[in-house]
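Down below is the structure, laid out as structure tokens.
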Amino acid sequence: MSDKTIAVFADTAEAYEELCSGARALGGRPVALWAGDEADAQRIAAWGARVMHVGAVPEGALYEDCVPAFQEVVQAEQPTLILARMSKRTQCVAGRLAVRLGVPVVTDASRVKLDDEGVEAAHMAYGGAAERVEHARGMAIVLVGSGVFEIDEAPAAGTVERAAASIEPGPIKLVGRQEKQEEVVDLGSAKVVVCVGRGIQNKQNLGKAQEYAARIGGETACTRPIAEGEGWMAHSRYLGVSGAVVKPDVYIGLGVSGQVQHTVGMAESQFVVAVNRTERSAHEALRPRPRSRPGESAPRARSSLNDPLASHCSESGPLSSFSRDGRGLNVIAIRFPVWLLASCEATESRPRRLRIRLPCATFDTCAQLCRESRQWLSRAPGRV
């Protein structure tokens, strides 16, 4: 068993399952800091964590008032790393806790590495155009969004301990609470994501996309203009720099232009399909865009509109049942695992993308594509 202790905390009990899995993936033993009900503490323990329960938040107090109690637990446990789920409230807690402990904070990390030299965490910079890698020696607080870690099965249930510290109300008193009238969804756990952009044109077409997503067992997401500009969908369904980040098996973009601020939210998808009205707009929508690090010139993404491999795959690859003739929507599937292109004699050095043209613009055709892609993914030998 590892001798590293990794403390984890979140403002919702559901987030601890992934955080505990992440702690184990980093080679540590999860110790959960929990401010809430006893029943939820038991749920967290079932995910393999040793839970340090500081009690429920008192009447009139704020969740942020748990900072002094968390500080006492951290100082007693001396974890190698503190891992937290990214949210508005946990950002407040992380900042105040970092000042008290004298440790650095990295927010919205997309990758975390822990070794004998310290913590390495990567997060987006310059609006998603680059990736900054932070290195910290000693303890650090790293906040991650949903979907950064794969959820595993806990080797054994943990225990719940009542911490010596408890939550004391701070100077700010909570006098009332009004539930936010907005849908909340965890897109990070979705295996299939159907994302809509301004190309869907109207709210009536949004309803069709939602119906299609439900039929294939997926979640509906959107680009920023749909959530914040038009107000057609909840902010929790917005993908991108200031929204959610997903890593689904299948991502389908309907009318998505593919701005870098959006693609950073879905770049790790296993199988990507872009649907648009013209061949060029479909291709440009969701093609991979290499990132640069601060101080480096941004690498230019090579266009593949005339890519001979893409043409070859369109005719003899696994999607050969779809015709490239006729008029209608265009679909591009990119970021294919190499094994998918085996019938095209693809090699590691060749681009992992495929371009096809559909003869008709129907959701049924897209649903067939989605079903087949999921079957291919499930048959992938040694797929990560």
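Computed from the coordinates by the stated procedures, all read-outs in this text should not be read as laboratory data. Computed from a prediction, not measured in an experiment: that's the story for all the values here. Cβ coordinates were reconstructed from backbone atoms using ideal geometry, including for glycine residues, and neighbour counts include every protein chain displayed.
Listed values for segment 95-100 are Karplus-derived 3J(HN,Hα) couplings in whole Hz (6.51 cos²θ - 1.76 cosθ + 1.60, θ = phi - 60°), namely x, 5, 5, 5, 5, 5, and x replaces Gly and Pro. In terms of distances greater than 25 angstrom between alpha carbons, the cross-link table entries K4/K113; K88/K173; K4/K247 yield K4/K247.
Relative contact order for segment 5-162: 30 percent, from Cα pairs under 8 Å spaced at least 6 residues apart, divided by residue count. Modelled spin labels at R89 and R132, positioned 7 Å past Cα toward Cβ, are 2.8 nm from each other.
Neighbours of C195, meaning other residues whose beta-carbon lies under 12 angstrom from its beta-carbon, give a summed charge of +2 when Lys and Arg score +1 and Asp and Glu score -1.
The gain in end-to-end length when the A98 to S236 segment is fully stretched comes to 47.0 nm, 0.36 nm per residue minus the alpha carbon separation. Extending 7 Å from the Cα toward the beta-carbon at both D37 and N202 defines two label points whose distance is 4.5 nm.
Peptides 79-85, 53-59 ranked from most to least packed give 79-85, 53-59, packing being the mean of other C-beta atoms within 10 angstrom over each peptide's residues. Peptides 108-117, 254-263 ranked from most to least packed by the mean count of surrounding Cβ atoms within 10 Å: 254-263, 108-117.
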